[in-house]
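Novice: Right, I'll just put the structure down here and ask away after.
Throughout, read-outs are computed from the coordinates displayed, never taken from laboratory work. The structure displayed is predicted, hence computed values, not measured ones. When we count neighbours, we look across all protein chains shown, and the Cβ atoms used for this are built from the backbone with ideal geometry, even at glycine.
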Amino acid sequence: METIQKPDELLALHDVTEELFDTLGSWFEVPDSVNLSLDDIDGAVTELGDPVMIAAMAMRKLQALRLLSTPGVRTTTDVIVAIVQDLERAMLSAPSMRLRRAAARADWDAALVDLVDQSVGTAPGETDAQDAEVQRFRELHGRLHEALRAVVSASDGQIRYLE
């Protein structure tokens, strides 16, 4: 199998993976260690629906991608494609899972009191304001796609070693 150089976009994932890793850990309060149930074939049913476990498994994939995007670490194009594909659903779902999780934990009575106290005599703020953290997360997620496209392009869509 032919060996090609890692594209710059793949090498640039070092900081991207770290920031995505930290963001997921923070958003979902992922503990430093998680346990996977292997006692039964259906043991994953509850785990795979838990946002904390989804984030934890995505964080593990980000650790692998960070390692493989490091200069000098040899990998193959298909491994990069597989890891980015594995991350895709979690990256797309994370912002909305974060909001659902926050909504479920919110003290809505206290939030309403705060809202009324803050709005006395003022006009409502912009209702379509963007969440800066979510925007940054999506930007970083896009960089995973850029790296993937660069890998596929550099390899002419073939499985190659990357160095």
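Novice: Going by the alpha-carbon gyration tensor, a ≥ b ≥ c the square roots of its eigenvalues, is segment 1-70 rounded (a/c under 1.5) or, if a/c is not under 1.5, prolate (a/b greater than b/c) versus oblate?
Specialist: Details: a/c = 3.57, a/b = 1.71, b/c = 2.09.
It comes out oblate by the Cα gyration axes.
Novice: Taking H placed 1.01 Å from N in the peptide plane, check which residues at least 5 places from Thr75 or on another chain put their amide H under 5 Å from its amide H.
Specialist: Long-range HN contacts for Thr75: Leu162.
Novice: Further question on the same structure: Taking the chain as the reference, fit the longest principal axis to its C-alpha atoms, fit the long axis of helix 13-28 to the helix C-alpha atoms, and give the angle between the two in degrees, 0 to 90, nearest 10.
Specialist: 30 degrees
Novice: Which angle from 0 to 90°, rounded to the nearest 10, does the C-alpha axis of helix 51-68 make with the longest principal axis of the chain?
Specialist: 30 degrees
Novice: Using the Karplus curve 6.51 cos²θ - 1.76 cosθ + 1.60 with θ = phi - 60°, work out ³J(HN,Hα) for each residue of segment 75-80 in order, rounded to whole Hz, and write x for Gly and Pro.
Specialist: Rounded to whole hertz, the list is 8, 10, 4, 5, 5, 4.
Novice: While we're on this one: Based on the alpha-carbon gyration tensor of the chain and its eigenvalue square roots a ≥ b ≥ c, which shape applies: rounded if a/c is under 1.5, prolate if not and a/b is larger than b/c, or oblate?
Specialist: Values: a/c = 3.21, a/b = 1.73, b/c = 1.86.
Oblate, since a/c reaches 1.5 and b/c is not below a/b.
Novice: Per 5 Å bin, what is the whole-percent P(r) computed from every C-alpha pair distance within segment 35-122?
Specialist: The percentages, shortest bin first, are 3, 11, 15, 14, 14, 12, 9, 7, 6, 5, 4, 1, 0.
Novice: Full-extension gain between Asp15 and Leu99, please, as 0.36 nm times their residue separation minus the C-alpha to C-alpha distance. Can you show the working numbers first?
Specialist: Numbers: separation 84, 0.36 × 84 = 30.24 nm, distance 2.50 nm.
Contour length minus the Cα-Cα distance gives 27.7 nm.
Novice: Something else about it: I want the local charge near Phe28. Using Cβ-Cβ distances under 14 Å, sum +1 for each Lys or Arg and -1 for each Asp or Glu among the other residues. Kindly include the intermediate steps, with their values, before the conclusion.
Specialist: Numbers: positive: Arg60, Arg98, Arg100, Arg101, Arg105; negative: Asp22, Glu29, Asp32, Glu47, Asp50, Glu133.
Taking every Cβ under 14 Å from that of Phe28, the sum is -1.
Novice: Oh, and also: Taking the number of other C-beta atoms within 10 Å as the exposure measure, put Trp27, Trp108 in order starting with the fewest.
Specialist: On the way: Trp27 21, Trp108 8.
The order, fewest Cβ neighbours first, is Trp108, Trp27.
Novice: To the nearest 20 debye, what charge dipole does the chain have about its Cα centre, counting +1 at the Cβ of each Lys and Arg and -1 at the Cβ of each Asp and Glu? Spell out each step's value before the answer.
Specialist: Values: 15 positive and 29 negative charges, 97 e Å.
The calculated dipole for the chain is roughly 460 debye.
Novice: A further question on this structure: Lys6's amide H: which non-local residues (gap 5+, or another chain) put their own amide H closer than 5 Å, with H modeled 1.01 Å from N in plane and none for Pro or chain starts?
Specialist: Long-range HN contacts for Lys6: Glu163.
Novice: Using 0.36 nm per residue of separation minus the Cα-Cα distance, give me the extension gain between Asp131 and Asp40 in nm, one decimal. Provide the component values of the computation, followed by the final result.
Specialist: Details: separation 91, 0.36 × 91 = 32.76 nm, distance 4.02 nm.
So the chain would gain 28.7 nm between Asp131 and Asp40.
Novice: Using a simple spin-label model with points 7 Å from Cα along the Cα→Cβ vector, what separation in nm is obtained for Ser33 and Asp86?
Specialist: 2.1 nm
Novice: How many angstrom lie between the C-alpha centres of segment 1-24 and segment 65-81?
Specialist: 8 Å
Novice: Related question: Taking only C-alpha pairs under 8 Å that are 6+ residues apart, what is the relative contact order of the chain in percent?
Specialist: Values: 147 pairs, mean separation 74.2, N = 163.
46 percent.
Novice: Continuing with this model, one more query. Show me 134-146, 58-70 ranked by packing, highest mean number of other Cβ atoms within 10 Å first. Each step should come with its number before you reach the end.
Specialist: Numbers: 134-146: 15.6, 58-70: 18.9.
The packing order, highest mean first, is 58-70, 134-146.
Novice: Which of these, Thr75, Thr23, Thr46, has the largest mean-square fluctuation under a Gaussian network model of the chain (Cα springs below 10 Å)?
Specialist: The residue that fluctuates most here is Thr46.
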